[in-house]
1. What does the highest-first list of 170-178, 133-141 look like by mean Cβ count within 10 Å?
2. Just to be sure I understand the model, the point goes 7 Å from the Cα along the line to the Cβ. What's the resulting Asn98 to Glu77 distance in nm?
3. Determine the dipole magnitude for region 48-188: charges of +1 sit on the beta-carbon of Lys and Arg, -1 on that of Asp and Glu, nothing else is charged, the reference point is the Cα centre, and the result goes in debye to the nearest 20.
4. Would you tally the net charge around Phe176, using a Cβ to Cβ cut-off of less than 15 Å, leaving Phe176 out, and scoring K and R as +1, D and E as -1?
5. Arrange the peptides 142-155, 91-104 so that the one whose residues have, on average, the most other Cβ atoms within 10 Å appears first.
6. By counting other Cβ atoms within 10 Å of each Cβ, how are Val179, Val185, Val81 ranked from fewest to most?
7. Taking H placed 1.01 Å from N in the peptide plane, check which residues at least 5 places from Ala138 or on another chain put their amide H under 5 Å from its amide H.
8. Provide Glu62, Glu77 in ascending order of the number of other Cβ atoms located within 10 Å of each residue's Cβ, fewest first.
Amino acid sequence: MRLDSSHTIVKMPTRRGSVPRFALPLLMVAMASWLAGCATMAPKPKCAADLDQPHLVLRLGERRLYLKDGGVAQPPEGFLVAVGKPQYPTPVGRFSINEMVVNPDFTVFDFNNTSGPNRGKIPPGINNPLGLRWIGFAHDHGWAIGFHGTAKTQFLGQAVSHGCVRMRNDDIVQVFTRVKVGTPVIVEP
């Protein structure tokens, strides 16, 4: 069908089962777009490898955090981490660092009743549940989620936290010096 000069719909003759002439080029463009990942329809979102600025890539399946700066991971093997247990998984997606604290204190609360009264604070120090540094990047399960140190290194490589990412204190201190508020964080399954 098409509009004639009087804006009346005119049915164009076609053979039964034939495709209108304009449909084939549109079909070819649509297929090419699909094969190219819709690049011709809209810009593709940047993936971790496309970022030019320093960023963090957390691979939950590997239980490793990679600090990437100029496309190079430091250290290349990544940092061994502990992640969220199944009932409190570490969230997957794109985030950015929203908080950084040196020698954080820890507010003790009931993970099953986050609106309940706090049970006190644990002062900063090596045995604090947050270790020597806190790098917040998300909120999930009713509390902040972030990277932090731990003295309990025997649990690294496991899914044991309430969503946070635990690291050796030396490792979190090293990462802390290389990132800032606003640094992208990509969490992959």
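No value in this document is a laboratory result; all are computed from the given coordinates. None of these values were measured; they are calculated from a predicted model. Glycine also receives a Cβ, built like all others from the backbone with ideal geometry; neighbour counts cover every protein chain displayed.
1. 133-141, 170-178
2. Distance between label points: 3.5 nm.
3. 300
4. +1
5. Ranked by mean Cβ neighbours within 10 Å, highest first: 142-155, 91-104.
6. Least to most surrounded, the residues fall as Val179, Val185, Val81.
7. Residues meeting the criterion, in which the H sits 1.01 Å from N, are Ile145.
8. With the fewest neighbours first, Glu62, Glu77 line up as Glu77, Glu62.
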